[in-house]
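S.K.: The structure that follows is given in the form of structure tokens.
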Amino acid sequence: MIALAAIALLAVTLPAQAGKPNKKAKKFTHETVEIPAVTPKVIAVETAGTQLLIQVDKKGTLRTVHYGAPAGNPDAFIKFSVGASVPETYPAVGGRFNGQDALHVKYADGTQNTELYYVSHETVAKGGITTTTVHTKDYVTALEVDLVYEAHRAEDVILMHSVIRNPGKKPVELRNYASASLNLAADDFLLTHFYGGWAREMQMDQTLLTHDIKVIETRRGTQATQSNNPSFLLTLGKNFSETDGEVIAGALAWSGNFRISFEIDQSERLNIVSGINPYASAYPLKAGESFTTPEMIYTWSREGAGGASRNLHRWARKYGVWNGGKVNPTLLNSWEGAYFTFTTETLLRMIDDAASMGLEMFVLDDGWFAKDHPRNSDKAGLGDWELNDAKIPEGIDYVASYAHSKGLKFGIWIEPEMVNPDSNLAQAHPEWVVQSPGREIYQSRNQWLLDLTNPEVQDFVFGVFDRTMSLSPNIDYIKWDCNRNVTSFGSPYLGDEQDRFFVEYVQGLYKVCERMREKYPDVIVQCCSSGGSRIDYGSMRWFNEVWTSDNTDAITRIGIQYGTSMIYPACVMASHVSAVPNHQTGNITSIKFRFDVASAGRLGMELQPKNLSAEERAIADRCITSYKGYRDVVFNGDLYRLGSPYEGDYYGLMYVSPDKSKAVVFTYCLRYQNRASGSHVFRLQGLDPAKNYKVTEQNVDKSCWWGNGKSFSGAFLQEGGFNPKLLKTNTSAVFILESK
Ligand code: DGJ
């Protein structure tokens, strides 16, 4: 038996004033609680190509000693010494630890020390997943923490979360409650993370980590990923590479405030603490309650950023996205073509055009609802989810049935978490609005946010989805939008427990999503939040796809899609061809270039088709037909990025089918080339060097590659023979590679 070091020595008598004893002073005793000794061991969490090793010493202290390629027999690490200053596997405030914490608990008596020691662990294997749960405990307060590791064997992905239990008789306050902490050794750490704003999501920042702490986080509540995405790539080394070197990718499955912090401390090791952002959220945990943190998703690869992305994508298609990998239909969305101004006639003609172009669905965006405060602009109507029959007197079913009669599916837009002050709902339920007493309720896009911590609001939001679905049996798709962030946060429902707000908003959202999926498993639901402001693996569990960005300009979209592809798979990436000059940037590009950019994700169109010229229509028809011939590879193939749109004049990407028999290659020239300088060589990746691939350029009469229509070995294509002539700015070429 090992005893804790003696703690307090004194009856603490802090003088409130000289000479007077502090009446609130407590008597601490010298008695220490005994910690049961344990047999030293190493707990191994393993996938096919990775190993995470947690060392347990004789005192029961846990330390993560390895994450990366399999390092052989785990027991070799029993005596491996990382030094006492290295953070524990789940570092808590208290004990001998002074570093970055994953857990900070304030107890009912005001003390804030927690020391977690190993109690036991168990491993359960089911299908392709092995779950290891490590039970830990603080022997003074009885607080229990389970560290849960879900190893997805084939995908080389490990999910980590914690469950914090308060078995005591008094409430405690969780001041930090991270999902996971990961400790790593390397000489250098290059962090790639994703920031952005409206219409420029998933931009990349790279930082060579230095000593001290680097934090990526958001405090926006909703639209959380408009500032930073809860994900990163970490190169173990100085230089970013698509193809080589060790890279760890991490992503938190949480759609609200998050914080991921990276600290290189005096041990020269890196500690990454990731989880819900405790900002304004000291979470109360009553006696007997437990708190389950969201999953932190990790993968490791020695094939550079590309390898790490592919691991995540494979995992996401199987486990992380609702119906991941299932091919979603091409579509025409009404937004940029009609905005708020349409009649039934407008919609029917758009449906006709969509059908004749070979698209597979029509989506009616914003503007179809609210009678007393009609939704004719973004100033009114949100909250009043009844048909505006001044616009569509025949009803939604009429339009949806018309779409079906033309062989199209039908989708419709909602924004159920929101209310315009100018609406019946705002008048009927002022107490449902997020607000703080006595303070202005700030508007953003003329709207307020509904308080999803309130179960009545959850019922309402689910009801919006449910009632919209009941407008027609022919609704196949819902676009769920969310166009503002949280300001002056506060919930009338939560009373004096406002600390719960940010956490329980997200939990409320997920409860609604769960109900949505119980009742509507097959409806395709797009996650939109002014574009991609809610793209994370928390929402993706419930949604089929994401509206990647309101930015539909092909030139800048390439960068947004590039960043998105680092973490999220192509099957979720909705990409639409829109009109020029582009409504967001004013850029003018050819319709072929726009198609060649949008076709790297789930292809759609978002314009008024009748405004296209005959020539543009012909190109559109051709591109849509061609896309249908290779989209199975876009949705389910492995992604290989060929360079970066931020560097050099050319960029490309390709998807390769799992059996390597088929690939689609997208190539772009992004900056003007001196024609005398010759053409750029794209070194393709992911092919079988020994297979012969027939290369066919798509959507052109005259190919820009001399080898078009011929067959070449994978080795030739990968090692330097593929050089389509793309010599003008914003030109592109798409090729299908097939091996018979
Ligand atoms: C924001 C979305 O990102 C757009 O696509 C569109 O649906 C508008 N909202 C509608 O208000």
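The values are calculated or read from the model by the stated rules, or taken from the named source; none is laboratory data. Because the structure is predicted, anything quoted here is derived from the model rather than measured. Here Cβ is always computed from backbone atoms with ideal geometry, including for glycine, and neighbour counts include all displayed protein chains. Quick note on the areas: whole protein, heavy atoms, side chains included, nothing else; ligands and nucleic acids left out. Shrake-Rupley method; radii C 1.70, N 1.55, O 1.52, S 1.80 Å.
S.K.: Report whether or not residue 493 is more than 18 Å from the chain's Cα centre (by Cα), hydroxyl-bearing (Ser, Thr, Tyr) and away from the ligand (no atom under 16 Å from the Cβ).
M.R.: Spelling it out, residue 493 is indeed more than 18 Å from the chain's Cα centre (by Cα), hydroxyl-bearing (Ser, Thr, Tyr) and away from the ligand (no atom under 16 Å from the Cβ).
S.K.: Quick check on this structure: which one of 710, 662, 725, 694 is over 23 Å from residue 618 (Cα atoms) and in contact (Cβ under 8 Å) with a residue 60 or more places away in the chain?
M.R.: Just one listed residue meets the conditions, 662.
S.K.: I need a count of the residues in the stretch 434-450 that are touching a Leu at 6+ places or on another chain (Cβ under 9 Å) and crowded, with 24+ Cβ neighbours inside 10 Å.
M.R.: 4
S.K.: From 453, 468, grab the single residue that is hydroxyl-bearing (Ser, Thr, Tyr) and touching a helix residue (DSSP H, G or I) at 6+ places or on another chain (Cβ under 6 Å).
M.R.: Going through 453, 468 in turn, the sole match is 453.
S.K.: Continuing with the same structure: Residue under question is residue 308, and the condition is that it be in contact with an Asp or Glu (Cβ under 8 Å, 6 or more places away or on another chain), among the small types (Gly, Ala, Ser) and either assigned by TED's automatic domain parsing to the domain that holds residue 236 or within 16 Å of the ligand (Cβ to nearest atom) (or both); does it hold?
M.R.: no
S.K.: Okay, moving on. Test each condition in (1) without any contact (Cβ under 8 Å) to a residue 60 or more places away in the chain; (2) open to solvent by less than 40 Å² (accessible area, probe 1.4 Å); (3) of a type in the set (Val, Ile, Thr) for residue 210 and report the one that comes out false.
M.R.: Result: residue 210 fails condition (2) only.
S.K.: Where the second residue is crowded, with 20+ Cβ neighbours inside 10 Å and in a helix (DSSP H, G or I) and the first is of a type in the set (Phe, Trp, Tyr) and modelled with pLDDT of 95 or more and lies in the stretch 453-470, which pairs have Cβ atoms under 7 Å and are six or more apart or on separate chains?
M.R.: 462/512; 462/516; 465/516
S.K.: Please state which of the following conditions residue 376 fails to meet, knowing it meets all the rest: (1) within 22 Å of residue 582 (Cβ to Cβ); (2) open to solvent by 10 Å² or more (accessible area, probe 1.4 Å); (3) within 16 Å of the ligand (Cβ to nearest atom).
M.R.: For residue 376, the failing item is (1).
Residues are listed down the side, and each one gets a yes or a no for (1) within 14 Å of the ligand (Cβ to nearest atom); (2) crowded, with 23+ Cβ neighbours inside 10 Å; (3) over 24 Å from residue 605 (Cα atoms):
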site	(1), (2), (3)
505	no, yes, yes
517	no, no, yes
521	no, no, yes
526	yes, yes, no
534	yes, yes, no
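S.K.: Go through the stretch 361-373 and count every residue that is assigned to a strand (DSSP E or B) and within 12 Å of the ligand (Cβ to nearest atom).
M.R.: Summing the residues that are assigned to a strand (DSSP E or B) and within 12 Å of the ligand (Cβ to nearest atom) in the stretch 361-373 gives 3.
S.K.: Just a yes or no: is a residue in the stretch 431-441 acidic (Asp, Glu), part of a helix (DSSP H, G or I) and on the phi < 0 side of the Ramachandran plot?
M.R.: yes
S.K.: Also, quick follow-up: Anything in the stretch 116-133 that is in contact (Cβ under 8 Å) with a residue 24 or more places away in the chain and over 19 Å from residue 272 (Cα atoms)? List them, or say none.
M.R.: 117, 118, 119, 121, 128, 129, 130, 132
Every residue, every condition in (1) without any contact (Cβ under 8 Å) to a residue 60 or more places away in the chain; (2) out of contact with any helix residue (DSSP H, G or I) (no Cβ under 6 Å at 6 or more places or on another chain); (3) within 16 Å of the ligand (Cβ to nearest atom), yes or no:
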| site | (1), (2), (3) |
| --- | --- |
| 586 | yes, yes, no |
| 590 | no, yes, no |
| 596 | no, yes, no |
| 601 | yes, no, yes |
| 604 | no, yes, yes |
| 612 | yes, yes, no |
| 615 | yes, yes, no |
| 621 | no, no, no |
| 629 | no, yes, no |
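S.K.: Tell me which of these residue 550 doesn't satisfy, since it passes every other one: (1) more than 16 Å from the ligand (Cβ to nearest atom); (2) under 23 Å from the mean Cα position of the chain (by Cα); (3) open to solvent by 10 Å² or more (accessible area, probe 1.4 Å).
M.R.: (1)
S.K.: Given the conditions (1) among the polar types (S, T, N, Q); (2) open to solvent by 10 Å² or more (accessible area, probe 1.4 Å); (3) closer than 25 Å to residue 249 by Cα; (4) within 16 Å of the ligand (Cβ to nearest atom), and given that residue 608 satisfies all but one, which numbered condition is not satisfied?
M.R.: Unmet condition: (3).
S.K.: Applying the selection to the stretch 661-685, what residues are at positive phi and crowded, with 19+ Cβ neighbours inside 10 Å?
M.R.: none
S.K.: Could you figure out which of (1) out of contact with any Phe, Trp or Tyr (no Cβ under 9 Å at 6 or more places or on another chain); (2) assigned to a helix (DSSP H, G or I); (3) not acidic (Asp, Glu) isn't true of residue 425?
M.R.: All conditions are met except number (1).
S.K.: From the list 304, 288, which one is surrounded by fewer than 24 Cβ atoms within 10 Å (Cβ to Cβ), closer than 30 Å to residue 632 by Cβ and small (Gly, Ala, Ser)?
M.R.: Answer to the check: 304.
S.K.: Which of the residues spanning the stretch 493-503 are part of a helix (DSSP H, G or I) and either surrounded by fewer than 18 Cβ atoms within 10 Å (Cβ to Cβ) or of a type outside the set (Asp, Glu) (or both)?
M.R.: 498, 500, 501, 502, 503
S.K.: Say we look at the stretch 451-479 and pick out the residues that are within 16 Å of the ligand (Cβ to nearest atom) and β-branched (Val, Ile, Thr); which of these is surrounded by the fewest Cβ atoms within 10 Å (Cβ to Cβ)?
M.R.: Once the filter is applied, the top-ranked residue is 468.
S.K.: Give the stretch 42-81 a look and list any residue that's closer than 16 Å to residue 132 by Cα, open to solvent by 50 Å² or more (accessible area, probe 1.4 Å) and not small (Gly, Ala, Ser), or say none.
M.R.: Hit for the stretch 42-81 is 46, nothing else.
S.K.: Pick from 415, 431: which is of a type outside the set (A, V, I, L, M, F, W, C) and either open to solvent by less than 10 Å² (accessible area, probe 1.4 Å) or within 16 Å of the ligand (Cβ to nearest atom) (or both)?
M.R.: Residue meeting the stated conditions: 415.
S.K.: For the stretch 314-334: of the residues being touching a strand residue (DSSP E or B) at 6+ places or on another chain (Cβ under 6 Å) and surrounded by 21 or more Cβ atoms within 10 Å (Cβ to Cβ), which is farthest from residue 403 (Cα to Cα)?
M.R.: Out of the qualifying residues, it is 315.
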